[in-house]
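Working notes, beginning with the structure itself.
The values are calculated or read from the model by the stated rules, or taken from the named source; none is laboratory data. Just so it is clear, the model here is predicted, and its values are computed rather than measured. Every residue, glycine among them, receives a Cβ derived from its backbone with ideal geometry; neighbour counts consider all protein chains shown. Accessible surface is based on the protein model in full, side chains and every heavy atom, while ligands, DNA and RNA are left aside. Shrake-Rupley method; radii C 1.70, N 1.55, O 1.52, S 1.80 Å.
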Amino acid sequence: MYPFFCGFDELNTAPRLVQNRFRSWVERGILVDVTTTTLERVSVDRSGNETKTKRVLLLKPRGFCAGVVRAIDIVQIALDTFGAPIYVRKEIVHNSYVVTDLAKKGAIFVNELDEVPEGARVIYSAHGVSPAVRERAKERGLKVIDATCPLVTKVHVEAIKFAKQGYSLVLVGHRDHEEVEGTQGEAPDVTQVVSTVEEVAALMVPDPNKVAYLTQTTLSLDEARYMIEALKKKFPNIVGPHAQDICYATENRQTAVKNVAHGADLVLVVGSRNSSNSNRLVEVSKNLDTNSYLIDTADAIQPEWLEGVDTVAVTAGASAPEVLVKDVVEYLQTMGYGSVDEVEVMPENVRFGLPPEIVQAIASAPPVGR
């Protein structure tokens, strides 16, 4: 049975807070205790100023989701427990700031397991891996810690179930994304990946009445809906998961953009170029005819983007830390955006348990340096 989530304080925290909570993790067992990071509301000096106030709309929820917090925590705990180096297959999450920060602390990021010394400890990224990768880890005698997001694991379990029941699988997603590669690897002989409605139209399966679909967890809601509608039109008897595969954080952040974009002249999305959910936030905004840019840091903001712009909405992808959002808001303040209003579209109360590998390691490993 795969782990799932339960209600908790909102998970929106920067990596640097993790080490301060290490003792509470051990005391609490498998559950991660997370602190919410927020920006202080900035007052506006209106004395003698009758011009229109430039403002920032700070969207909430934004930034780290429960799966990202869990994955980063796992790397931090492993470093604290075992000491450096700790190997990580692929980027633990798709954010350059997070990866650089963990690399400075002793994490070594590799593309494939053959780059990891035999018998060493390796962490799988939040995006998951295929059975072939797991088998290769066994062959090399690696000590594995699995940081796969539980919601990605859910999709893997669904793929295995449908394949065992004799279905042809259609996986809606982006072929070059690690999550899709891992999910497809659960049943590669019966799984086809589609990214466009045109690809759906060209699908060929052994039995059109025995088809199931799954989706990547970080697609845009509209994109997934159009694709699923096309699949149902082509295969009227197609079946899917009991609950949608798009994760709660992806949905919530897109919903927040949809609710606020119409009242903004510009939407800035904090996130890295290889972050699927961050790119989808930009697409959602542009589809609503609101100009939007994806930025890794405040340094990426071009002054000309702000010309004639009175209201800037700021959000962050699920793998972007709050410290980067804070930097963006502070930059905008220097550019005359004196009013900062946090707009909460919906509450977000989620936490995930730590994997048994890390719980057992914490319990049995002696402190570093002893």
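As an exercise: evaluate Leu59 against (1) over 30 Å from Ala137 (Cβ atoms); (2) of a type in the set (A, V, I, L, M); (3) over 18 Å from the mean Cα position of the chain (by Cα); (4) modelled with pLDDT of 95 or more and give the number of the one condition it does not meet.
Against the list (1) over 30 Å from Ala137 (Cβ atoms); (2) of a type in the set (A, V, I, L, M); (3) over 18 Å from the mean Cα position of the chain (by Cα); (4) modelled with pLDDT of 95 or more, Leu59 comes up short only on (3).
Just checking, how many residues over the range 167-195 are over 17 Å from Pro131 (Cβ atoms), out of contact with any Leu (no Cβ under 8 Å at 6 or more places or on another chain) and open to solvent by 50 Å² or more (accessible area, probe 1.4 Å)?
2
When residues of the range 224-243 are filtered for being surrounded by fewer than 13 Cβ atoms within 10 Å (Cβ to Cβ) and either at pLDDT 95 or above or over 21 Å from the mean Cα position of the chain (by Cα) (or both), how many remain? Steps first, please.
At the first step, the residues of the range 224-243 found to be surrounded by fewer than 13 Cβ atoms within 10 Å (Cβ to Cβ) are 229, 233, 236-237, 242-243.
With either at pLDDT 95 or above or over 21 Å from the mean Cα position of the chain (by Cα) (or both) added as a condition, the list becomes 229, 233, 236-237, 242.
Qualifying residue count for the region: 5.
So which residues in the range 75-95 are farther than 14 Å from Ser125 by Cβ, touching a Lys or Arg at 6+ places or on another chain (Cβ under 9 Å) and either among the aliphatic types (A, V, I, L, M) or not in a loop (DSSP other than H, G, I, E, B) (or both), if there are any at all?
Taking the range 75-95 as the starting set, the residues that turn out to be farther than 14 Å from Ser125 by Cβ are 76-77, 79-85.
With the extra rule that they be touching a Lys or Arg at 6+ places or on another chain (Cβ under 9 Å), the set shrinks to 76, 79, 82, 84-85.
Listed by number, the residues that qualify are Gln76, Leu79, Phe82, Ala84.
Determine if the range 156-169 includes at least one residue that is farther than 30 Å from Asp207 by Cα and either of a type in the set (D, E, K, R) or modelled with pLDDT under 95 (or both).
Within the range 156-169, not a single residue is farther than 30 Å from Asp207 by Cα and either of a type in the set (D, E, K, R) or modelled with pLDDT under 95 (or both).
Output the residues belonging to the range 99-132 that are open to solvent by less than 50 Å² (accessible area, probe 1.4 Å), assigned to a loop (DSSP other than H, G, I, E, B) and free of Cβ contacts under 8 Å to residues at least 40 places away in the same chain.
Answer for the range 99-132, where residues must be open to solvent by less than 50 Å² (accessible area, probe 1.4 Å), assigned to a loop (DSSP other than H, G, I, E, B) and free of Cβ contacts under 8 Å to residues at least 40 places away in the same chain: Gly106, Val116, Gly119, Ala120.
Please go through the range 39-56 and give me each residue that is modelled with pLDDT of 95 or more and under 30 Å from Val99 (Cβ atoms), ordered by number.
Selection gives Val56 alone.
Tell me, yes or no, whether the range 74-92 has at least one residue that is out of contact with any helix residue (DSSP H, G or I) (no Cβ under 8 Å at 6 or more places or on another chain), modelled with pLDDT under 95 and either surrounded by fewer than 22 Cβ atoms within 10 Å (Cβ to Cβ) or under 30 Å from Lys234 (Cβ atoms) (or both).
The answer is yes, given that some residue of the range 74-92 is out of contact with any helix residue (DSSP H, G or I) (no Cβ under 8 Å at 6 or more places or on another chain), modelled with pLDDT under 95 and either surrounded by fewer than 22 Cβ atoms within 10 Å (Cβ to Cβ) or under 30 Å from Lys234 (Cβ atoms) (or both).
Condition first: touching a strand residue (DSSP E or B) at 6+ places or on another chain (Cβ under 8 Å) and buried (at least 16 other Cβ atoms within 10 Å of the Cβ). Now tell me which residues in the range 196-223 satisfy that.
Val200, Leu203, Val205, Lys210, Val211, Ala212, Tyr213, Leu214, Thr215, Gln216, Leu219
Tell me, which residue of the range 203-223 that is outside any loop (DSSP other than H, G, I, E, B) and within 17 Å of the chain's Cα centre (by Cα) is farthest from Val282 (Cα to Cα)? Reasoning before the result, please.
Residues of the range 203-223 that are outside any loop (DSSP other than H, G, I, E, B), as a first pass: 211-215, 221-223.
Then keep just the ones that are within 17 Å of the chain's Cα centre (by Cα); that gives 215, 221.
Values: Thr215: 20, Leu221: 13 Å.
So the residue we want is Thr215.
Can you pull out the residues in the range 224-262 that are part of a loop (DSSP other than H, G, I, E, B) and of a type in the set (A, V, I, L, M)? It would help to see each step written out before you state the result.
The first filter runs over the range 224-262 and keeps only residues part of a loop (DSSP other than H, G, I, E, B), leaving 235-238, 240-247.
Ile238, Ala243, Ile246 - these are the residues of the range 224-262 that are part of a loop (DSSP other than H, G, I, E, B) and of a type in the set (A, V, I, L, M).
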